[in-house]
Amino acid sequence: MRCHEVHEWMSLRLDGCLPAAEERQLEAHLAGCPACTAAWAEWQEIASLFEGAPLALPPEDLTAKVLARVHKPRWGAFAGSVIAMVAGLGLLGALLLWPLAGACSAAMTTAQMPGLLGVMAAALAQLLETATLLAGTGRIVLLALLTPHSAAAAMGYALLTMVALMGWLRMVSHRRMPRRGAAGL
Amino acid sequence: MVDEHLLAQRALAGDQAAFAELVHAYQGPVYNLAYRMLGTAAEAEEAAQETFVRVYRRLDTYDPQLKFSSWILSIASHYCVDRLRRRRIVPLSLEEEQVEPREPADEAPERRLLAAEREQEIQGLLAQLPEAYRIVLVLRYWHDLSYQEIANTLGTSESAIKAKLHRARESMAQHLARRQATQPTSGLERRVTGHALPRSA
């Protein structure tokens, strides 16, 4: 039996997990091997040092600190959501208001012209012009997207957006607000 | 005896008193594990707090088939091991602030001195071990877990735990032998060579 194997058995013996047959072989080896006998004495000393070690006691206010941390409102996450919502609405508003601004401006101008029919006709004409412009823009964008390179870029962009959205949703779901129950502290 | 599963269920349903009871019941074991792993009182407190915050956020993932203590110690163990891995470039120094486990105030000064010496010896031995060995020793000696329970807690096999315990003990013995060569009269060696200091109960 090699000394290395004996050391493995010594470890098991310290934990009370060495079968009786191996324990007898270990004893026999120790009786004839001064190096392993010395090692065994040292291992036992180390084990007794650890077995007698007390539990380190936590500070008395640990529970209170933990409860304060888990039950405080998560203003950071809330503020982040509000900022994201405002930014999203702002972007959407800017996109929608841009074409409408022209129509509104035309309506204001035509409202100052004499005659209701003239005003309505001018407003309608302006609206039609805006709609035509939007349709033309949409057509150009669609055609641009249908070219092979643009389609790939658009798909990549869509994919990236989806990944970012999923990441955000995952982050938000992990940092959910603590549930409030009937019982309080 | 407190029904941990019931407390966990109540805490999951939002019962703050139930969660407070769980924290109170496990603060000792969790803090001790963190202290033995990280070596300083400040880091141990921070780690214990973070462990309980994680427990709170993950209550819905708790599997009642497992012992609650194993689950909570598993979270604490993984957190401490990760933390040690992150700071590997700055190894624990015995010169850092260390606070010995609190002893009763009426303890005799010489007993306190011996306890402090033992404590320093233990933390010194733990500090030179890789974190994977250290956590196995801590769970074995302070939390009295079996090989199988340690394996479940750390998500590994029983044979891996046996091997790590064996290597940890071998490493500590070698560390002591090296130290004995340079400081032949340090604490544990005095005990080994027969000038034993009294052991605390």
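The values are calculated or read from the model by the stated rules, or taken from the named source; none is laboratory data. Quick caveat: nothing in here was measured; it's all calculated off a predicted structure. FYI the Cβ positions are ideal-geometry reconstructions off the backbone, even for glycines, and counts take in every protein chain you see. Just the protein is used for accessible areas: all its heavy atoms, side chains included, with ligands, DNA and RNA removed. Shrake-Rupley method; radii C 1.70, N 1.55, O 1.52, S 1.80 Å.
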Accessible surface of residue A:137 - all protein chains present, 1.4 Å probe, nearest 10 Å²: 70
Estimated FRET transfer efficiency when R0 is 30 angstrom, pair residue A:131-residue A:162 (beta carbons, to 0.05): 0.45
Net dipole in debye of chain A [+1 Lys, Arg Cβ; -1 Asp, Glu Cβ; about Cα centre; nearest 20]: 1380
Coil-residue GluC sites (Glu not before Pro) of region A:9-64, DSSP, other Cβ within 10 Å capped at 14: A:60
Modelled FRET efficiency - R0 45 Å, residue A:109 with residue A:68, Cβ distances, 0.05 increments: 0.15
Rounded tilt (10° steps) of A:148-174 against the dominant C-alpha axis of chain A: 60
Rounded tilt (10° steps) of A:62-71 against the dominant C-alpha axis of chain A: 20
Test item: A:14-26 mean partner chain Cβ contacts at 10 Å: 1
Local electrostatic count at residue B:151 - Lys and Arg +1, Asp and Glu -1, tallied over other residues with Cβ under 12 Å: +1
Cysteines in chain A lacking a second Cys C-beta under 4.7 Å: A:3, A:17, A:104
Accessible area in the full protein assembly, largest first, 1.4 Å probe, for B:54, B:134, A:170: A:170, B:54, B:134
Pairwise burial A:B, computed as accessible area of each alone minus the pair, summed, 1.4 Å, Å²: 4700
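Could you order the peptides A:11-17, A:138-144 from most to least packed, using the average number of other C-beta atoms within 10 Å per residue?
The peptides rank, most packed first, as A:11-17, A:138-144.
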Dipole magnitude (debye, nearest 20) for region A:17-77, charges at Cβ of Lys, Arg, Asp, Glu: 740
Shape call, region A:3-51: gyration tensor on alpha carbons, a/c limit 1.5: oblate
Computed magnitude of the charge dipole of region B:1-86 (debye, nearest 20; Cβ of K, R +1, Cβ of D, E -1): 300
Carbon and sulfur %, accessible surface of region B:1-90 computed with the full protein complex present, 1.4 Å: 53
Positive-end residue, region A:3-51 charge dipole about Cα centroid, Cβ charges, pick of A:28, A:46, A:12: A:28
Average beta carbon contacts from partner chains per residue of B:164-175, 10 Å cutoff: 5
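Which whole number gives the average, over all residues in A:40-52, of C-beta atoms from other chains lying within 10 Å of the residue C-beta?
Counting Cβ atoms of other protein chains within 10 Å of each residue's Cβ and averaging gives 6.
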Gain upon complete extension [residue A:55, residue A:139; 0.36 nm per residue less C-alpha separation]: 22.8 nm
FRET efficiency, 1/(1 + (r/R0)^6) with R0 41 Å, evaluated for residue B:67 and residue B:174 via beta carbons: 0.75
Nearest-ten-degree value, helix A:75-111 long axis tilted from longest Cα axis of chain A: 10
Mean Cβ count within 10 Å, highest first, over the residues of peptides A:62-70, B:18-26, A:85-93: B:18-26, A:62-70, A:85-93
